[in-house]
Amino acid sequence: MISSRTRSISPTFLKALIGSSIVHLGLIAYGTYQDAHSSVKYTDVDYVVFSDAARMMWTGPGVGSEIAGQDKDGSSQGLWGGSWLGSPYTRSTYRYTPLLAVLMLPNYLVHPAFGKIVFSACDVLIGYLLYLLFPPSCSVQTWSSTPANDERHRNESTILTTDETNSSSGQTGIINNNKKSANSPRKGFSSNLESSTIWISALWLFNPVPLNISTRGSSESLLGALILTSLYLFESSPNLFSASSLTRSQAWASVALGLAVHLKIYPVLYAFAVLGFLGRNERTILGRLGVCRGGIEFGVISAGTFGFVTLGCWLIWGYPAIYHPYLYHLTRLDHRHNFSPYFYPIYLLSSTNLSFSSNPSALIKLLRSSLTSFVPQLGLSFGLSWWLGSRGEMALAWGLGTMAFVCFNKVITSQYFICWILGELVSDYR
C-alpha cells in the first residue's frame, strides 16, 4: 500500500516520461503529414467528429450545415440555451458529453492538433499515476496488507512480545533476530520493486496501442487519467482502512470518479468496489453493502458531482445531452468494427434476410433485446468489484472489474483495448 508522503521521481523514470512525450509529439507530427499527403488518414474519424461538434458549438445554431450527415434534430437547446451557443449534437454521430466539445474548442480557435496534444498529455499522466500507485519500497509484511493480515500481524506481535518477556536472554536474542528479519525488506527487494514499477509504467508509456489511439485523437486517455487520479487519491489516503468518515483525499477522489462517470457511464462500476471497501469491517448486512458513514459520504459526493455537471449540460443543451451520451448506448447494436463476443448474434439479428414469426416467443424476444447482454456483463463486473473491494483489494477490484466489463460488452472497438490494458496494469498493483 502506498503512503501519503511525497514520492520523488527516479532519473530513469523521468527519462521514460520525456521519451514517451517525444514519441507522442512525433506521432502527432507524422499524423499531420500523412493526413495531408495520403488518402489513408491517420486521424481517427472520432476526432473529426469532436472538432466538428466544437465548431458547431462555437459558431451557433444553423451554422456548419455544410458538414455531411448533420443531424438537425440534435440542435435543440435547454432552458439556459439560446442563440449565443450552438449544440454539438447538430453533428451526426456525436455521442459524448457536451463538455468534450467544449474542451475541443481550441481545435477550431487555435490549432487542429490541440486535442491530440491534450489526449497525449493524459496518456503520459496515466503512466505517471501508475508509477505513483506502486510503492517505492515495502517489506514482506506490508506488501500484502489486508485487514485480516493486519489483525493477524498484531496478534503475532503480541505473542512475540510475551515470549520475549518470558524467555531467557539467549532465546530473546534469537526471537529479536527473527523479528528483525521478518519486518525488514529483503536484500535487493526495494531496488527490484522500483525497477518493476518503472517497467510496468513503461508498458503503458511505450505501448503501441495507447500511443496510436491517443495520437490519432481518441479521448479514452482523458477518461483513463480521471479514473487513475481517483484511484490514486483513494489509495494515498492516510486512513485508508477507516470507514468512519472520508478524508479530504478520498472526497476529491469521489469528485474525480463522478466526473469520470459523466464522461462515460461505465466507471460507475468502481463505486461498487469503493462501497465494498468502505463497508468491509461493518457487521451488519447494510453496512457491508456500503451503507455506513464513509459510504454515504462517498455516494453523496460522487453522485452529486455527476448530477450537478449533467444537470448543467441538460439546462444548456437539453434532452440530447442526456440521450446521446447515456441512453443511446442502452439500445445500441453495432455489428461493424466490433470485437465483442456478441458480434455474430448481433449481426444475425440485424440481417434483413432473417425472418421470424409474426408472434415470436418470449425467448426470441429476450434474445433479440439489446438489454439482454447487460445481465452477464453488469452482474460479473459489479459483483466482482464489490467482492474484491470488500476484501480490501481496491486496485485489484478496479482492474479486474474493468477487464470483465470490457470482455462482455456488446460493442468492443479498438479504443476499448486501452481499458483492457489499463485494467491489467492496475491489477498488477497487488
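The values are calculated or read from the model by the stated rules, or taken from the named source; none is laboratory data. Note that the structure is a prediction, hence the values are computed from the model and not measured. Cβ coordinates were reconstructed from backbone atoms using ideal geometry, including for glycine residues, and neighbour counts include every protein chain displayed. Calculation scope for accessible area: heavy atoms of the full protein, side chains included, ligands and nucleic acids excluded. Shrake-Rupley method; radii C 1.70, N 1.55, O 1.52, S 1.80 Å.
Measuring nothing but protein heavy atoms, the accessible surface of region 255-352 at 1.4 Å probe radius is 72 percent carbon and sulfur. Between the beta carbons of Ser10 and Ile117, assuming R0 = 35 Å, the FRET efficiency works out to 0.85 to the nearest 0.05. Calculation over all alpha carbon pairs of region 218-331 in 5 angstrom steps from 0 returns a P(r) of 2, 13, 20, 22, 17, 12, 8, 5, 1, 0 percent.
Give me the tail of P(r) for region 265-333 as a percent: Cα-Cα pairs with distance above 14 Å. Of all Cα-Cα distances in region 265-333, 66 percent exceed 14 Å. When you count the other C-beta atoms within 10 angstrom of each residue and take the mean per peptide, 113-122, 19-28 line up highest first as 113-122, 19-28. Length gained on full extension, Asn281 to Trp420: 47.0 nm, using 0.36 nm per residue less the C-alpha separation. Rounded to 0.05, the FRET efficiency of the Ala29 and Arg391 pair, given R0 = 60 Å and the Cβ-Cβ distance, is 0.80. Here each label is just a point 7 Å from Cα along the line to Cβ, and for Thr413 and Ser39 those points are 2.3 nm apart.
Computed from the C-beta positions of Ala362 and Tyr328 and an R0 of 30 Å, the FRET efficiency is 0.70 to the nearest 0.05.
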